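Asker: One structure, pasted below without further comment.
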Amino acid sequence: MNTSVRNTGRLLWAGLRALLVLTVVCGVIYPLAVTGVAQGLFAHRANGSEVTSGGKVVGSELIGQTYLLPKKNPADPTEPARPDLRWFQPRPSNGLGTNTVNTQYKLLLSGATNRSGDNKELIAWVTAAKAAVIKDNSTPGHPITPDAVPPDAVTSSGSGLDPDISPAYAHLQTNRVAERNHLPAARVRALVDAHTTGRTLGFIGEPRVNVLELNIALRALTSAGAR
């Protein structure tokens, strides 16, 4: 009986020592080492790829933002969102779910729409988005034709939070942005070109434009023009 108790005690003490050692190694030393390497070599990425403007953090390179006009009646949840057409607009975000805890932001429930190509609701979304893109971006002397609307202008990404748009969609918006901000269209097109990122390593992915960074540059351009 005493031998059995002693053996049980040794096993419990060995298990406790293993728990303590693994807790220190895996719960303290390893996280601190990984954090130290990340902060030392990749601080910008480790801290969320933050984007600053005017000395303040205004977003992340990795998360898309919306550019909307204030609601006429903030208390009305059924009032549709209206894009602020002074700014370049991102991709649609129909995949975002409803957050019942915080109804102002839906970022915690990002995701794809998960509709098939022949789904009636998806077809309705795409049709409505295409009509809105044509209407919003057609300016006097520069009408937008349906075949000029790129896919990313009417479809959301897998996460619903894609921060980038295609150069084609960015250029489609240039005449509208130029008109709304009283800028030469050529200057706005040059701004898009300057903020177009090519394929990674020359062959991975597609050329893209980060909407947040482009709109920050647009704000600086309009502020400079106002002076």
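Asker: Mind checking whether some residue in region 66-81 is free of Cβ contacts under 8 Å to residues at least 12 places away in the same chain, more than 30 Å from ALA170 (Cβ to Cβ) and either in a helix (DSSP H, G or I) or hydrophobic (A, V, I, L, M, F, W, C) (or both)?
Answerer: yes
Asker: In region 132-154, what residues are out of contact with any strand residue (DSSP E or B) (no Cβ under 9 Å at 6 or more places or on another chain) and buried (at least 18 other Cβ atoms within 10 Å of the Cβ)?
Answerer: VAL133, ASN137, ILE144, VAL149, VAL154
Asker: Pick from region 65-91 the residues that are surrounded by 14 or more Cβ atoms within 10 Å (Cβ to Cβ) and hydrophobic (A, V, I, L, M, F, W, C): which of them is farthest from LEU221 (Cα to Cα)?
Answerer: Filtering region 65-91 for residues that are surrounded by 14 or more Cβ atoms within 10 Å (Cβ to Cβ) and hydrophobic (A, V, I, L, M, F, W, C), the one farthest from LEU221 (Cα to Cα) comes out as LEU85.
Asker: Okay, next question. Return yes or no: is PRO167 closer than 22 Å to LEU68 by Cα and either out of contact with any strand residue (DSSP E or B) (no Cβ under 8 Å at 6 or more places or on another chain) or surrounded by fewer than 17 Cβ atoms within 10 Å (Cβ to Cβ) (or both)?
Answerer: So PRO167 fails the test.
Asker: Among the basic types (Lys, Arg) and touching a residue at least 40 places away in the same chain (Cβ under 8 Å), is that true of ARG115?
Answerer: no
Asker: Regarding ALA128, is this residue under 23 Å from the mean Cα position of the chain (by Cα), among the small types (Gly, Ala, Ser) and modelled with pLDDT of 90 or more?
Answerer: So ALA128 passes the test.
Asker: The conditions are (1) within 22 Å of the chain's Cα centre (by Cα); (2) at pLDDT 90 or above, and SER157 fails exactly one of them. Which is it?
Answerer: For SER157, the exception is condition (2).
Asker: Tell me whether region 134-146 contains one or more residues that are modelled with pLDDT of 95 or more, within 17 Å of LEU212 (Cβ to Cβ) and in a loop (DSSP other than H, G, I, E, B).
Answerer: Checked region 134-146: no residue is modelled with pLDDT of 95 or more, within 17 Å of LEU212 (Cβ to Cβ) and in a loop (DSSP other than H, G, I, E, B).
Asker: Here is a further query. Taking region 180-227, which residues are more than 26 Å from SER138 (Cβ to Cβ), loosely packed, with under 12 Cβ neighbours inside 10 Å and not small (Gly, Ala, Ser)?
Answerer: Selection gives ARG199, THR200, LEU201, PHE203, ILE204, ARG227.
Asker: Would you tally the residues in region 186-222 being in contact (Cβ under 8 Å) with a residue 12 or more places away in the chain, assigned to a helix (DSSP H, G or I) and among the hydrophobic types (A, V, I, L, M, F, W, C)?
Answerer: Adding up the residues that qualify gives 11.
Asker: Please work out which residue is farthest from SER223 (Cα to Cα), limiting yourself to region 45-62 and to residues that are among the charged types (D, E, K, R) and not in a strand (DSSP E or B).
Answerer: That would be ARG45.
Here's the yes/no breakdown for (1) charged (D, E, K, R); (2) under 30 Å from VAL177 (Cβ atoms):
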position	(1), (2)
GLY15	no, no
VAL25	no, no
ALA38	no, no
ASN47	no, no
GLY59	no, yes
LYS72	yes, yes
ALA81	no, yes
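Asker: Another one. Taking THR196 as the residue in question, decide whether it is under 20 Å from the mean Cα position of the chain (by Cα), within 27 Å of VAL57 (Cβ to Cβ) and among the hydroxyl-bearing types (Ser, Thr, Tyr).
Answerer: yes
Asker: Do we have LEU218 as closer than 22 Å to SER93 by Cα and not small (Gly, Ala, Ser) here?
Answerer: no
The values are calculated or read from the model by the stated rules, or taken from the named source; none is laboratory data. The shown structure was predicted, so the numbers you read here are calculated from the model rather than taken from an experiment. Methodologically, a virtual Cβ is constructed for each residue, glycine included, from the backbone with ideal geometry; neighbour enumeration extends over all protein chains shown.
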